[in-house]
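Take a look at the structure set out below.
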């Protein structure tokens with residue numbers, strides 16, 4: 001037994017020595033692909049621990065050339081900057097083939113970088129949520145009818161299909177704010193109020209998807225909108241294709257195309273100032289939307305319960321007065337009795353109007369606020385990616401000043417950082433533009449509904465007033 005153990009140990013030692021002597025792979029074959037661009041950001045920037053002895057001196061190349069310093073990696077491997085692939089891209093470690101259809105173009109507009117507009121804009125309605133079954137009635141679910149304007153062909157999708165698409169988009173686009181879906185609900189999924197509220201939330205979600213120049217043209221989104229509901233094979237093929245997308249993580253940033261001379265057009269301090277300003281804006285907007293949502297939610301609750309109850313209590317009291325007056329049977333009292341009774345009915349009807357009104361004006365505002373609270377929750381991660389890239393640029397500049405890094409390497413880091421900055425500023429611009437559009441439209445709708453509501457209240461009161469003319 002001891003001899004066998006010794007022999008086993010010797011074999012293990014020989015394997016270890018042979019593995020240490022084996023040369024590592026240092027090259028990578030590239031094959032040209034027709035219709036594609038071979039892009040790579042690989043550089044000789046690497047971890048300081050690679051190819052060097054722990055604690056040893058920094059060796060200068062022969063001939064007195066500058067030492068090859070490295071930009072350090074983020075120690076938190078779970079940070080958004082790392083998980084998104086932003087760090088690997090900035091350090092020059094991303095490589096892949098980018099097809100023409102995968103390019104995401106940033107252009108310089110009147111207010112700075114912005115996403116290139118979708119040349120074929122479209123909309124998509126979400127209608128007729130219906131309860132359907134499968135497995136011979138053992139499983140029930142709600143299906144929504146989607147009708148994209150650019151195809152005119154209706155498809156039906158379940159919430160789980162929306163959820164799958166959302167997951168793919170979040171993984172693929174780390175510097176784009178993908179709108180959040182309406183929240184799931186464990187109980188009451190088939191109640192009419194819940195289905196109606198979810199449909200409205202999905203409609204807002206779809207509107208923001210179709211309005212985004214990048215998200216609207218994404219292959220996964222187009223597959224979601226156009227694949228026939230009855231073609232299960234085609235759905236699974238498109239689903240697998242989206243899940244095997246290679247242009248994710250660090251490779252995603254290779255797809256971003258910036259204006260000619262773009263990297264040199266961005267000033268580091270100006271970008272940092274704009275991003276910091278937007279960070280403060282989102283923080284303030286988040287606080288104000290939470291406060292507004294709480295305020296109008298409480299106001300809606302009071303209208304549905306409190307206001308209705310109080311107005312109908314007043315109406316009931318007026319009716320009680322008219323019933324008391326009816327004990328006087330003289331002819332000249334009849335008109336007054338009827339007018340007071342009608343006033344009581346008017347207040348009863350006004351109470352019902354108050355209870356129904358939040359559906360028309362306050363609920364839509366809360367739906368919009370919920371959508372934007374989702375967007376605001378996305379931006380800290382987006383900003384973190386951009387801030388991480390800026391940190392790498394500052395670190396590389398410090399190495400250049402200390403004579404530890406060649407300026408060409410530092411310029412490469414800055415160029416790649418600027419690509420992320422272009423995309424971030426373009427997304428910020430899109431957010432502001434859509435925000436102005438949405439809140440203008442919603443506030444107009446809110447005030448129009450308020451005017452209609454008070455016109456109805458005024459009409460009820462005027463009808464009651466006219467009843468006294470004949471008394």
Next item on the list: Return only the number of the condition from (1) part of a loop (DSSP other than H, G, I, E, B); (2) at pLDDT 95 or above that residue 277 does not satisfy.
Entry: (1)
Checklist line | Considering residues of segment 99-113 that are in contact with a strand residue (DSSP E or B) (Cβ under 7 Å, 6 or more places away or on another chain) and at pLDDT 90 or above only, the residue farthest from residue 431 (Cα to Cα) | finding: 103
Next item on the list: Could you check, for segment 179-197, whether at least one of its residues is more than 20 Å from the chain's Cα centre (by Cα) and more than 29 Å from residue 366 (Cβ to Cβ)?
Entry: no
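Yes/no matrix, rows are residues, columns are (1) farther than 22 Å from residue 282 by Cβ; (2) at pLDDT 95 or above; (3) surrounded by fewer than 16 Cβ atoms within 10 Å (Cβ to Cβ); (4) out of contact with any helix residue (DSSP H, G or I) (no Cβ under 9 Å at 6 or more places or on another chain):
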{"position": "415", "(1), (2), (3), (4)": "yes, no, no, no"}
{"position": "423", "(1), (2), (3), (4)": "no, yes, no, no"}
{"position": "429", "(1), (2), (3), (4)": "no, yes, no, yes"}
{"position": "438", "(1), (2), (3), (4)": "no, yes, no, no"}
{"position": "448", "(1), (2), (3), (4)": "yes, yes, yes, yes"}
{"position": "456", "(1), (2), (3), (4)": "yes, yes, yes, no"}
{"position": "461", "(1), (2), (3), (4)": "yes, yes, yes, no"}
{"position": "465", "(1), (2), (3), (4)": "yes, yes, yes, no"}
Note to self: Please determine whether any residue of segment 348-368 is at pLDDT 95 or above, under 21 Å from residue 207 (Cα atoms), part of a helix (DSSP H, G or I) and within 14 Å of the chain's Cα centre (by Cα).
What the structure shows: yes
Next item on the list: Working only within segment 144-170, note down all residues that are surrounded by 15 or more Cβ atoms within 10 Å (Cβ to Cβ), in contact (Cβ under 8 Å) with a residue 24 or more places away in the chain and more than 15 Å from residue 181 (Cβ to Cβ).
Entry: 148, 150, 155, 156
Notebook entry, point to check: How many residues are over 60 Å from the mean Cα position of the chain (by Cα) and surrounded by 13 or more Cβ atoms within 10 Å (Cβ to Cβ) if we restrict to segment 320-334?
Noted result: 4
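The values are calculated or read from the model by the stated rules, or taken from the named source; none is laboratory data. Here the structure is a predicted model, which is why all the values come from computation and not from measurement. Backbone-built Cβ (ideal geometry, glycine too); neighbour counts: all protein chains shown.
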